[in-house]
Amino acid sequence: MTKLEITIEGKQVLYHLPIRWDEVSIKQYQDLMVVCENKDLSEVETMVRSISAMTGADVRHLTSAPIKHLKDVYNKLSELTTELPNAELRRVIEIKGVEYGFIPDFNDLTFGEFVDLDTWLQDGYKNLVDVMAILYRPVVKRKGDKYLIEAYDKSEPIDRASIFSDSMSIDSVYGSIVFFCDIGSKLINTTASYLEIHRKKMNSMELIERN
């Protein structure tokens with residue numbers, strides 16, 4: 001990590017900027033991507049908000065830092081983003097002594113999981129941590145590469161998201177995001193096609209009943 005010192009009310013406050021993806025939490029990545037997606041920000045606003053997302057420094061405090069210092073930090077951040085995080089799919093990860101498993105088979109996805117994932121994904125990267133809390137759940141049984149995860153409980157992802165926010169590295173789960181985006185788009189398209197076919201059948205049945 002690289003240091004970022006800011007003078008606040010006459011005192012030097014030290015922040016740290018990640019220089020490797022394994023130092024970036026899922027929450028930091030989420031906040032950074034939200035900034036990158038915002039096309040209404042000026043170049044300076046993008047710089048300040050990006051640094052804020054990656055260091056936790058308040059945007060208001062960053063305005064007290066010398067512009068040259070901010071540019072130096074932003075250049076280091078740019079060096080990090082020239083490469084993508086590790087794209088390998090890690091199906092099981094360990095956080096604070098607990099193993100969390102990626103949904104083993106999306107063919108077994110429940111309606112509740114599908115609806116909640118679809119809802120969180122409506123806002124792009126804003127709810128990435130919440131999405132990961134659905135995709136990764138505690139492993140209850142494991143034998144070799146095969147494992148079972150906890151059944152989906154709508155109330156539990158909130159608590160899990162708070163654990164993942166700071167303790168889950170984007171480098172450890174980026175591959176799952178890539179995988180899910182691919183399989184998720186196929187799943188949504190398949191479901192949409194099924195619903196359209198079902199709607200047409202219902203319309204045909206209603207027409208027959210009228211006749």
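The values are calculated or read from the model by the stated rules, or taken from the named source; none is laboratory data. Because the structure is predicted, anything quoted here is derived from the model rather than measured. Don't worry about glycine lacking a Cβ; one is built from the backbone with ideal geometry, like all the others, and counts go over all protein chains shown. Please note that ligands, DNA and RNA were not included when accessible areas were found on the heavy atoms of the full protein model with its side chains. Shrake-Rupley method; radii C 1.70, N 1.55, O 1.52, S 1.80 Å.
Residue under question is E5, and the condition is that it be part of a strand (DSSP E or B) and surrounded by fewer than 18 Cβ atoms within 10 Å (Cβ to Cβ); does it hold?
yes
Residues of region 132-159 being free of Cβ contacts under 8 Å to residues at least 40 places away in the same chain and in a helix (DSSP H, G or I), which ones?
The answer is A133, I134, E156, I158, D159.
Could you run through region 45-71 and say how many residues are acidic (D, E) and open to solvent by 70 Å² or more (accessible area, probe 1.4 Å)?
Within region 45-71, residues that are acidic (D, E) and open to solvent by 70 Å² or more (accessible area, probe 1.4 Å) number 1.
Inspect all residues belonging to region 176-198 and state whether any of them is at pLDDT 90 or above and among the charged types (D, E, K, R).
Looking through region 176-198, none of the residues is at pLDDT 90 or above and among the charged types (D, E, K, R).
Does I163 fit the bill of being open to solvent by 30 Å² or more (accessible area, probe 1.4 Å), of a type in the set (A, V, I, L, M, F, W, C), at pLDDT below 90 and over 12 Å from the mean Cα position of the chain (by Cα)?
Answer is no for this residue.
As an exercise: evaluate A57 against (1) part of a loop (DSSP other than H, G, I, E, B); (2) within 19 Å of the chain's Cα centre (by Cα) and give the number of the one condition it does not meet.
Just one mismatch for A57, condition (2).
When both residues are 6+ apart or on different chains and their Cβ atoms are under 8 Å apart, which pairs have a first residue that lies in region 18-43 and is among the basic types (K, R), and a second that is open to solvent by 60 Å² or more (accessible area, probe 1.4 Å)?
Cβ pairs passing all conditions: K27/D166.
If I ask for residues that are of a type in the set (D, E, K, R), free of Cβ contacts under 8 Å to residues at least 12 places away in the same chain and in a helix (DSSP H, G or I), which ones from region 81-116 would you list?
D108
Across region 74-124, what is the total count of residues that are surrounded by fewer than 16 Cβ atoms within 10 Å (Cβ to Cβ), of a type in the set (S, T, N, Q) and under 17 Å from the mean Cα position of the chain (by Cα)?
Selection size over region 74-124: 3.
Being open to solvent by 50 Å² or more (accessible area, probe 1.4 Å), at pLDDT 85 or above and touching a Ser or Thr at 6+ places or on another chain (Cβ under 8 Å), is that true of even one residue in region 127-150?
Looking through region 127-150, none of the residues is open to solvent by 50 Å² or more (accessible area, probe 1.4 Å), at pLDDT 85 or above and touching a Ser or Thr at 6+ places or on another chain (Cβ under 8 Å).
Does region 22-39 hold any residues that are open to solvent by 30 Å² or more (accessible area, probe 1.4 Å) and either among the aromatic types (F, W, Y) or assigned to a loop (DSSP other than H, G, I, E, B) (or both), and which are they?
N38, K39
Would you pick out the residues in region 7-37 that are modelled with pLDDT of 85 or more and among the basic types (K, R)?
R20, K27
Looking at region 139-162 only, could you name the residues that are under 16 Å from V92 (Cα atoms) and of a type in the set (V, I, T)?
Listed by number, the residues that qualify are V139, V140, I149.
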